[in-house]
Structure formats: C-alpha cells, structure tokens
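The block underneath contains the structure these notes are about, expressed in structure tokens.
The values are calculated or read from the model by the stated rules, or taken from the named source; none is laboratory data. If you're wondering where the values come from, they're calculated on a predicted model, not measured in any experiment. With ideal geometry, Cβ positions are generated from the backbone for all residues, glycine too; neighbour counts draw on all protein chains shown. These area figures cover heavy atoms from the full protein model, side chains too; ligands, DNA and RNA do not enter into them. Shrake-Rupley method; radii C 1.70, N 1.55, O 1.52, S 1.80 Å.
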Amino acid sequence: AKTTPEPLRFPTIITRAIIKGRRPWIPGGETMAFFNGGSRALVEILTRFQSAERPMPVDHTFFEFGSVRYHVQASASDPENVYLSISTPSLSHEASPSTGLPEFTLQEATKMYHKFAEVVEPSKEGYALTLKLNFSGLARPKDRARAVRQVSLLQSVILGSQLKHLLGSLGSSGATKLVYNHRDPFFVSRTPGKISAIFPMRFRDDTDLAVATSFFQELQDAGSSYARAPRCSWSAIPPPELRGEPVHHLTTNGGFVSFDIFERHVKRKRAAKTAWILLNFQAYVKYHIKCTRNYIQSRMRKRQETLAEVRTSLPPSLCQSKKCTCKNQ
C-alpha cells in the first residue's frame with residue numbers, strides 16, 4: 001500500500017485549507033491526527049460512555065501533542081453529567097496554562113456549548129477550563145454524535161478566541177509574537193486592511209533546507225493561482241512588519257513565510273479553524289519534508305532494483321566491461 005504522499009500536492013492543500021477554513025487533508029484520503037482540530041481520544045471516550053448499556057464511572061487523564069492535557073470524569077451515580085477539564089498552552093507568553101482562561105474565551109466556550117454544557121467556575125485545580133457536559137437533552141443519536149464532535153474541538157475553540165482577541169488588541173497596526181510552540185514561535189502583524197502571519201523557518205540540515213526551499217517556492221506560486229487565496233510570500237530576509245524585533249527572534253536559515261489573512265478568515269466559526277491551521281503550519285512543513293525524503297528514497301531504491309534486474313537479464317556477450325560485477329561475468 002502506498003503510504004508516502006506525493007510531495008508536490010501539499011501547497012494546494014494547505015492554501016485551500018487556509019482559504020476555506022477546512023482542516024488539511026493528506027493525499028489518499030487519510031488525515032494526520034496531529035493536524036486534526038478535534039481530539040480523537042476524547043471522541044472515543046465520550047462515545048463509549050454514551051453507548052454503555054449500564055452507567056459506568058469514568059476517570060481518564062491523557063495528553064495530546066505533548067502539552068495539551070485532558071481529564072474526563074463521571075460517576076456511576078450521576079451518569080448524565082460528565083466533567084471535562086483541559087489544560088492547553090496559551091498563545092500569549094504572558095499567560096500560564098494553569099492560571100485559567102480570560103473572560104472572552106469563557107464567553108466563547110459558553111456560546112459554543114450552551115445547548116449541552118456549562119462552564120464550571122472555578123475550574124478543576126491544575127486545568128485552565130472545566131465543562132460540565134449533559135447530553136440528556138439531545139434525544140437523537142446523531143445530535144449526540146454531533147455534540148461529541150463539537151466538544152472534541154475544544155482546544156481549537158480556545159485558541160481561536162485567543163487569536164481573534166490578539167488581532168483585535170493590535171488595533172489598526174502592530175505586531176505580536178505567538179509562542180504556542182516554544183521551539184517554533186511565529187508572529188502576527190496587523191496593518192490597515194491586512195493581517196499577516198509570519199513564520200521564521202529553521203531547519204537542522206542542508207537536505208531539509210533544500211526540500212523546504214522548493215516547497216516554499218511552490219506554495220508561493222500555488223497561492224497566487226486562487227483569486228480568494230491569502231497571498232503567500234517567502235523571503236530570505238525579515239519582512240518590514242518585523243522591524244524592531246530582537247535579532248535572535250529573526251535568526252533563521254530557511255527564511256520567512258508570510259500569509260496575508262483577510263478579516264473574513266477570522267470571523268465567527270472560521271476563527272478557530274484558521275487559528276488551528278496557522279498553529280500547525282510549521283509542523284505540516286516538517287511533515288512534508290519527512291514525506292518528501294521518504295518518497296525520494298523509495299524512488300531511488302525502486303530505480304536501483306530496476307537497474308539490477310535489467311543488468312542480470314543481459315546476455316553474457318554484452319557484458320564485456322572489466323568493471324562489470326553482474327552474475328554473467
């Protein structure tokens with residue numbers, strides 16, 4: 001079975017995802033769990049709890065992406081109420097994951113889940129947010145399944161509200177550094193009529209850098225072929241929006257990738273989806289590089305096997321070279 005995607009198809013996929021607010025799809029019909037805005041483990045736990053014939057106690061703590069922690073708790077004596085707690089890194093370096101969430105994020109969560117959940121204050125100790133879920137008011141199974149999928153998007157809802165607030169706090173102009181991933185921070189700047197997401201790209205070796213350079217060039221070309229696409233640009237030097245930033249924040253070997261995001265991409269439900277795509281862009285680039293290297297290596301092995309088969313099928317009369325090492329010598 002073919003498991004390595006074609007490397008040249010990723011620019012269109014990522015660009016379309018940013019345009020339409022959809023999660024990126026991997027060629028072949030599969031998705032990477034890391035790039036999916038929903039938690040599959042959370043969906044499985046809540047679905048199993050809902051489908052159980054008898055009331056069952058639940059007490060699960062699990063981690064995703066290395067830094068996101070969930071805790072799901074329910075008792076057999078009160079099976080209608082499920083308590084879900086989450087601890088997730090903040091987009092702002094000024095906030096701590098365990099000190100709770102700002103008011104605008106709580107309001108966004110309340111608005112999103114008001115039909116079947118309520119925010120518990122204060123949240124469970126060590127967690128940023130706790131929701132009390134009650135699906136008893138949803139009679140139809142498909143409504144409950146839809147509610148579970150919405151709950152699995154809790155982290156992207158939190159991050160989307162924070163990104164929307166940060167963009168609003170920039171006013172008509174300004175720039176801020178986002179440190180959701182401490183190894184790969186990026187910047188968001190705002191100028192009149194335009195929002196830019198700027199990614200400093202860093203790579204460990206020259207091979208990764210060569211693959212990434214080709215990828216960025218294709219991504220830039222793919223973005224310009226769609227009328228509604230946010231313009232993508234790549235430069236070896238920092239863009240003007242980052243003037244005044246500390247030098248160590250702008251030291252890269254892969255240059256800077258910028259996306260121009262319009263207001264419509266951060267309004268209403270699109271804000272959470274756009275935030276999730278932007279937060280995972282650097283991880284997607286690294287995944288693309290890994291897939292490309294595997295693709296090249298598999299093609300080289302296949303080519304080597306083909307040449308070996310051709311050589312062994314030659315008649316002895318054609319093997320006259322003294323350096324020939326095939327079995328006909």
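Details
- Conditions (1) exposed (fewer than 13 other Cβ atoms within 10 Å of the Cβ); (2) more than 22 Å from K177 (Cβ to Cβ): number failed by F215: (1)
- Test: residue in the stretch 131-147 that is surrounded by 12 or more Cβ atoms within 10 Å (Cβ to Cβ), closer than 30 Å to F186 by Cα and in contact with a helix residue (DSSP H, G or I) (Cβ under 6 Å, 6 or more places away or on another chain): no
- Within the stretch 281-296, the only residue that satisfies the criterion of being open to solvent by 50 Å² or more (accessible area, probe 1.4 Å) and closer than 22 Å to L91 by Cβ is K286.
Yes/no matrix, rows are residues, columns are (1) buried (at least 22 other Cβ atoms within 10 Å of the Cβ); (2) among the aliphatic types (A, V, I, L, M):
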{"site": "R243", "(1), (2)": "no, no"}
{"site": "L250", "(1), (2)": "no, yes"}
{"site": "V257", "(1), (2)": "yes, yes"}
{"site": "T274", "(1), (2)": "yes, no"}
{"site": "L279", "(1), (2)": "yes, yes"}
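- Scanning the stretch 267-298 for residues that are among the β-branched types (V, I, T) and out of contact with any Gly (no Cβ under 7 Å at 6 or more places or on another chain), we see that the one that is nearest to F199 (Cα to Cα) is V285.
- Filter result for V120 (hydrophobic (A, V, I, L, M, F, W, C), surrounded by fewer than 17 Cβ atoms within 10 Å (Cβ to Cβ) and modelled with pLDDT of 90 or more): yes
- Beta carbons closer than 9 Å, at least 6 apart along the sequence or on distinct chains, pair a first residue in the stretch 142-154 that is without any contact (Cβ under 8 Å) to a residue 40 or more places away in the chain and part of a helix (DSSP H, G or I) with a second that is hydroxyl-bearing (S, T, Y) and surrounded by 19 or more Cβ atoms within 10 Å (Cβ to Cβ) for A147/Y113; Q150/Y113.
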